[in-house]
């Protein structure tokens with residue numbers, strides 16, 4: 001499902017959108033705006049994940065197994 005919304009953008013942003021569409025880089029203004037919002041959503045999720053990692057550390061139940069494996073297995077066979 002999608003919704004149509006109205007947003008106000010500065011002239012230079014609209015010019016950028018129009019140039020990208022005219023150059024065939026994107027199929028529409030909406031497509032480029034959607035890509036930008038998706039990128040921002042991923043960025044914010046990564047920032048949240050980094051904050052959680054900084055607060056709680058990277059440790060998990062498999063760390064000991066990875067350490068043992070790295071020191072005990074002969075991968076050159």
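The values are calculated or read from the model by the stated rules, or taken from the named source; none is laboratory data. From a predicted model like this one, the values you see are computed outputs, not experimental measurements. Don't worry about glycine lacking a Cβ; one is built from the backbone with ideal geometry, like all the others, and counts go over all protein chains shown.
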> So which residues in region 5-15 are within 15 Å of residue 37 (Cβ to Cβ) and outside any loop (DSSP other than H, G, I, E, B), if there are any at all?
Replying inline: 13
> Hey, among 24, 59, which residue is more than 20 Å from residue 7 (Cβ to Cβ), modelled with pLDDT of 95 or more and in a loop (DSSP other than H, G, I, E, B)?
Replying inline: 24
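For every residue, the table says whether it meets (1) exposed (fewer than 10 other Cβ atoms within 10 Å of the Cβ); (2) touching a residue at least 12 places away in the same chain (Cβ under 8 Å); (3) in contact with a helix residue (DSSP H, G or I) (Cβ under 6 Å, 6 or more places away or on another chain); (4) within 25 Å of residue 5 (Cβ to Cβ).
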| position | (1), (2), (3), (4) |
| --- | --- |
| 29 | no, yes, yes, yes |
| 40 | no, no, no, yes |
| 51 | no, no, no, no |
| 63 | no, no, no, no |
| 74 | yes, no, no, no |
